[in-house]
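One structure is given here, and the rest of the page talks about it.
Each reported figure results from applying straightforward, stated rules to the coordinates on display, with no laboratory input. Note that the coordinates shown come from a computational prediction; the quantities given were computed from them, not determined experimentally. Cβ coordinates were reconstructed from backbone atoms using ideal geometry, including for glycine residues, and neighbour counts include every protein chain displayed.
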Amino acid sequence: MAKKPDLALDEFLCFAVYSLSHAFNRTYKPLLEALGLTYPQYVAMVVLWERDDRTVSELGDKLHLDSGTLTPLLKRLEAAGLVQRERDTEDERQVRIRLTKAGQSLKEKARAIPEAILCATGRPKPELRALNEQLLRLRDQLNHAETPTAR
């Protein structure tokens, strides 16, 4: 009987999540191309559709992105006419992000995307909701864990 390798890729949770992320990106791609958005731009827009007029740091916290990643993304959304970036009048260190009329109207075109993704999974909403909660708890646990060292 052959000995099972110590490191089997199909047993790595991180690889399952990584490859799942790629599968999601392939599924989202044609839907988002119709809107002229990338996935990171889409989730930034979703956050602004939830509540407009946020600071860059609020967006970064919500999206788990640093300002070095978020700023170029926001500049592209601004160039596309979907958001405006302005210095906060009360705190010049802060940049506020606001939807333009075009950004607000794009929400209507995007409404069908979550249902399309749900259908593509072939899973019922309650199952996906429970899985999402588990993944968020796992993400939060990893974000607060001490960095492991190889032994």
Listed by chain and number, the aspartates and glutamates with an alpha carbon less than 19 angstrom from that of K3, same-chain partners under 8 positions apart left out, are E11
Distance in Å, no decimals, from the C-alpha centre of the stretch 97-111 to the one of the stretch 1-77 is 20 Å
As straight-line cross-link partners of K62, the qualifying lysines (C-alpha separation under 28 Å, not fewer than 8 residues apart within one chain) are K29, K75, K101, K107, K109, K125
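Can you put L82, L20 in order, fewest other beta carbons within 10 Å first?
Going from sparsest to densest Cβ surroundings: L20, L82.
State, as an integer percentage, the relative contact order of the chain based on alpha-carbon contacts under 8 Å between residues 6 or more apart. The partial results should precede the final answer.
Details: 96 pairs, mean separation 26.2, N = 151.
Once divided by the residue count of the chain, the mean separation gives 17 percent.
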Taking Cα atoms, the helix 125-144 axis meets the longest principal axis of the chain at an angle in degrees (rounded to 10) of 90 degrees
Residue-ordered couplings for the stretch 69-77, obtained by feeding phi - 60° into the Karplus form 6.51 cos²θ - 1.76 cosθ + 1.60 and rounding to whole Hz (Gly and Pro as x), are 8, 6, 4, x, 4, 5, 5, 5, 5
Taking Cα atoms only, helix 101-110 is inclined relative to the longest principal axis of the chain by an angle, in degrees rounded to 10, of 30 degrees
Comparing L99, L35, L128 in a Gaussian network model of the chain (Cα, 10 Å), the one with the largest mean-square fluctuation is L128
Quick calc: nm separation of the 7 Å Cα→Cβ label points for R93 and N25 -> 3.4 nm
